[in-house]
Amino acid sequence: MASLVLLDVGQPTQVEATIDESGVWIDAAGVKAALGWELKPEGLCRDATCIPVAGRPGLMNDGQMNLEGLAELLRRPFAHSPEEGVAYIGPAMELFDHTVKTLEAPDFTLPDLGGRFHSLSEHRGSKVLLAVWASW
């Protein structure tokens, strides 16, 4: 077992994981603590939503769940850096589907060089040029 930081859309949770050539595995308690999904007889449940997990090869093994398989089941992107001891499960693909279909960027607010804040939503209907720079 190894300690792993699991990021769920940026929210970090420390979980115990088994990492081998077949993937990253965490137990049901870790899945619930990090992602809010609980393993029940009817499947993987969060609030009133349940997803059947029976008959899904490679998802469960000795009481542990494969994180990559779980992310695929939830239609969410997955990334793992064994060197850093971090795994990431991104936002649901439905959020991206909406953005692509509507061609509408999500709203955000950032300061200008003078410290005044601007939101993208203030400029809806206008063309906006975003210049992004990083020193790395």
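The values are calculated or read from the model by the stated rules, or taken from the named source; none is laboratory data. The structure displayed is predicted, hence computed values, not measured ones. We place every Cβ from the backbone using ideal geometry, glycine too, and count neighbours over all the protein chains shown.
Remarks
- Restricting the stretch 1-16 to residues that are touching a residue at least 40 places away in the same chain (Cβ under 8 Å) and over 17 Å from the mean Cα position of the chain (by Cα), the residue that is nearest to Asn61 (Cα to Cα): Ala2
- Selection within the stretch 21-41 - among the charged types (D, E, K, R) and at pLDDT 90 or above: Asp27, Lys32, Glu38, Lys40
- Matching residues in the stretch 26-45 - criterion: being touching a helix residue (DSSP H, G or I) at 6+ places or on another chain (Cβ under 9 Å) and within 19 Å of Pro12 (Cβ to Cβ): Ile26, Val31, Leu35, Trp37
- The residues on offer are Gly30, Gly43, Gly23, Gly36, and the sole one that is at positive phi and buried (at least 17 other Cβ atoms within 10 Å of the Cβ) is Gly23.
- Looking at Trp25, Trp37, just one residue is more than 28 Å from Pro106 (Cα to Cα), under 18 Å from the mean Cα position of the chain (by Cα) and aromatic (Phe, Trp, Tyr), and that residue is Trp25.
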